[in-house]
Structures are given as structure tokens and as C-alpha cells.
Amino acid sequence: SKLAALFAHPLYNIPIPEVTQKDKLFVVNPMEKFSLGHSGSDEWVSSSKAETLLPTGKTAYDTYPAWLKFHVGINRYELYPRQDPLMPTILQDLATQRIVSSVQKSGGTQLKLIMTFPNYGQALFKPMKQTRDQETPIDFFYFSDFERHNAEIAAFHLDRILDFRRIPPVSGRLVNITKEIRDITTDKKLAKTFFISPAGNVCFYGECSYYCSTEHALCGTPDQLEGSMAALLPDKTLAKRRSWRSPWRRSYHKSKKAEWELNPNYCAQVRQTPPYDRGHRLLDLIDMTVLDFLMGNMDRHHYETFEKFGNDTFLLHLDNGRGFGTHSRDEMSILAPLQQCCSIKKSTYLRLQLLATQPYLLSDVLREALAADPLTPILAEPHLQALDRRLGKVLDMVAHCLAG
């Protein structure tokens, strides 16, 4: 396994700083037992409320479902550990746990559902909108492109292979529209949008600002629909997140350019602006830029951090559905932060160099990682080939900076 060899490599075993209590997102009592509340509320209750005894021979932490262990494990330095023993279980749960509730997620431009499992875990479901080999039309603006379910799955694995580990776990899943959405939804607005198509397929379209109409309905065959299931982060009431506008955000206008597109010295300005004027925030943003360039995602207008950790923490790479839309062209403007600042973390650069070598070739390790997903193949082969080509362009740009 090339993937196992990659994760065993010394560059993937650099220790993180010691995690103290204040570096943890949650401080939990390890003796609290998880038990499902009978109040009908969607929260986990501690044993002190439920008055249940610990099963002998089991420590309380063992009673937590995988999603809760994932939440409890988040710290200042990483969303999940490198050799995370929980990961196979989390991905398995996302793909197979019974769905007990499906409601539309409010906000956002395209239809997404929040699905709840019997153990109170929740996932964000993005349905399939186009086939693996459909490229984004060349006349489409980045902001009117479809979101792709397979891009969400591939982005999670790519982020992990780059050793960023800043995207919550994502698995593919085949969902039954009738039994797992229509019949169990309590969302009245969503319920009104189901219909049977002339071909006899079950369809729905929900309510949103783009592509939520009969013409853009999501249809099963006859009621099976592919989608991505992403583990939800802890509720914002428990762990506040801060949203930051990216300095290299696009104009989201059909004819206007953003300042960074007009000013070649734009980075000097960013370097003097908090939070980019100290710490590793700018370098973290450049990591995200590399991830976005590799998958061709032009739609990174904001990013988030956990508020508890202030400015000294990793960036969350959420919402990656507009990646992997084109394999035939490389959007060099995505690399503007790297090009203009001529800065990159040494550790990131060394890993990128490693992923360009034959034993650990990026396309090979990603293909291997994606082969384990229930909806495999996740990416059409030309997308995997494009990754190696784009990685070469990133390394060329860094070499140019080093030579300069």
C-alpha cells in the first residue's frame, strides 16, 4: 500500500506540540457515560442525569459514539490525529448508520440536507447533481457552478494526504429518497417539493437561491440517489466558530476584478493586516491555496476557525463542492497568494516534493484512498492525472521563489 507507506514516512510523523487542557476544544470528564436521552431531545446526556451505571470493565469514554469521540478529540493543532483509529468507524457510520431524520439545511445557495442517526450523530448530505465525467462548461462563472458530491469526498482524502487534516470526515452514500428523506422529513417546505417524474423516478428540489426548481430537481433511479455525507462539526452553541473573509476572495461580479488581481504588491499590504501580521496565519492560508489549486476550487471566499483558540490555530477547509470541476485546464489565479507572497511552510513544501516522487505519487495515493469509498470510483481518471500536473506547477512556483 502506497498510502500506508506515505503515512509511515518521517514527514508524516512530525509530532504536534503538547496538548494542554486549554488547547482542547472540550474539556470532558472521562468518567461521564454517554447515554441516549429519552426526552426526545437531540443532545447527548451525561450519566449524572440518566442515572445509568457503567457496564463493568468498560471505561466511560468507550461508551461514546464515534462522532462524539471525534468532537472531543479536536484541539488547537488538528481536527483529528494522523493515525486516527476512529477514522474507519466514523466513515463506516456515515455510510451505513440508519437515518432517522432528514431536513433541509438553511442558508447556502444550493440544496443540502442535515441527516441524523440513532446515536444523535449528524451528517451534511450533498446530493449528486452531475456525472463524474461532466466538466464545468467553459462559459460558466465559478459562482454559478454546481456543487459536486464527489468533490466533497475527494477533498477530504486529499486534505488528509497533504497532512493538513482540516476537513471533517466525508463518505459517499447511496440514499433511498423515499424511505430516508421523503417519508421521515419533518421539514414541511422540503416535503412540498417531492414529485414523481414522467420516467417514474422520485424527485425533489427543496428551497434555495440557486437550482431549487422543478427544472433542477434531484431524481433517483427510481429512488436511489448518490451523495456525500460529511460529519458535522460540534454545534456552534457548544463551540463557536469565527468566519474570516479571505484576502484573496474573488469579486463575485461578472466584470469587476478584485484588488489582488490588479495590484502585484498586494501581499505586502496583507502582511501588515491582522491576523496575517504575526504567527502562521498567512502560511496556513497558503496551505489552503495549494489544496484549492490542486482540486481547481475557485470558490474560497471565507474560511473558519474555532473561536476558543484565537488566532493561533488551524483553518477549517469547509465546503469543497466546487472542486474537481475541470481537469483539462489549470486555474493559475488560485495560486495568487503563493505567487505574490513567495512563502510556504517548509513542512508543506517537503511533503509536496515527496508526493511528486514515484513511490508516493499524489494520483496513486489518492486513487488508493478513494477506492475504499462506497461510491468508488470517486474521480474520473483525468482528474487524478491533473493532480500530478498541478503539483508540478506548485513546485515550479516555489522553485522560482527560492531562485528569486
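The values are calculated or read from the model by the stated rules, or taken from the named source; none is laboratory data. Given the structure is predicted, the values throughout are model-derived calculations rather than measurements. Quick reminder, even Gly has a Cβ in these numbers, built from the backbone with ideal geometry, and neighbours come from all protein chains shown. Remember, those area values only see protein heavy atoms, side chains included, never the ligands or the DNA or RNA. Shrake-Rupley method; radii C 1.70, N 1.55, O 1.52, S 1.80 Å.
Conditions tested, residue by residue: (1) assigned by the TED database to the domain that holds residue 151; (2) in contact with a helix residue (DSSP H, G or I) (Cβ under 8 Å, 6 or more places away or on another chain); (3) not aliphatic (A, V, I, L, M).
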position	(1), (2), (3)
248	no, yes, yes
258	no, no, no
274	no, no, yes
308	no, no, yes
323	no, yes, yes
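Conditions tested, residue by residue: (1) of a type in the set (S, T, N, Q); (2) in contact (Cβ under 8 Å) with a residue 40 or more places away in the chain.
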{"site": "289", "(1), (2)": "yes, yes"}
{"site": "301", "(1), (2)": "no, yes"}
{"site": "307", "(1), (2)": "no, yes"}
{"site": "336", "(1), (2)": "no, yes"}
{"site": "354", "(1), (2)": "no, yes"}
{"site": "358", "(1), (2)": "yes, no"}
{"site": "365", "(1), (2)": "no, yes"}
{"site": "368", "(1), (2)": "no, yes"}
{"site": "377", "(1), (2)": "no, yes"}
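Checking the structure you have, find out if any residue of segment 277-295 is polar (S, T, N, Q) and in a loop (DSSP other than H, G, I, E, B).
No, segment 277-295 contains no residue that is polar (S, T, N, Q) and in a loop (DSSP other than H, G, I, E, B).
In this structure, is residue 404 modelled with pLDDT under 95 and of a type outside the set (Lys, Arg)?
Details: modelled with pLDDT under 95: yes; of a type outside the set (Lys, Arg): yes.
Criteria met by residue 404.
Looking at 228, 243, which one is of a type in the set (Ser, Thr, Tyr), in a strand (DSSP E or B) and within 15 Å of residue 105 (Cβ to Cβ)?
After applying the criteria, what remains is 228.
Could you figure out which of (1) polar (S, T, N, Q); (2) assigned to a loop (DSSP other than H, G, I, E, B); (3) surrounded by 17 or more Cβ atoms within 10 Å (Cβ to Cβ) isn't true of residue 363?
(2)
Does residue 246 qualify as being modelled with pLDDT of 95 or more, touching a Lys or Arg at 6+ places or on another chain (Cβ under 8 Å) and open to solvent by less than 90 Å² (accessible area, probe 1.4 Å)?
Here the answer is yes, as residue 246 does meet what is asked.
So is residue 91 part of a loop (DSSP other than H, G, I, E, B), within 14 Å of residue 124 (Cα to Cα) and either open to solvent by less than 40 Å² (accessible area, probe 1.4 Å) or touching a strand residue (DSSP E or B) at 6+ places or on another chain (Cβ under 6 Å) (or both) or not?
No; evaluated as a whole, the condition is false for this residue.
Touching a strand residue (DSSP E or B) at 6+ places or on another chain (Cβ under 8 Å), at pLDDT below 95 and not acidic (Asp, Glu): which single residue out of 238, 233, 225, 218 fits that description?
The match here is 218.
Test residue 145 against the criterion of being modelled with pLDDT of 95 or more and open to solvent by less than 20 Å² (accessible area, probe 1.4 Å), and give yes or no. Step through it out loud before you land on a result.
On the way: modelled with pLDDT of 95 or more: no; open to solvent by less than 20 Å² (accessible area, probe 1.4 Å): yes.
In short, no.
For residues that are in a helix (DSSP H, G or I) and open to solvent by less than 10 Å² (accessible area, probe 1.4 Å), tally how many sit in segment 304-323.
1
Considering segment 324-357 alone, what residues qualify as being open to solvent by less than 30 Å² (accessible area, probe 1.4 Å), of a type in the set (A, V, I, L, M) and not in a loop (DSSP other than H, G, I, E, B)?
Across segment 324-357, the qualifying residues are 334, 335, 336, 338, 352, 354.
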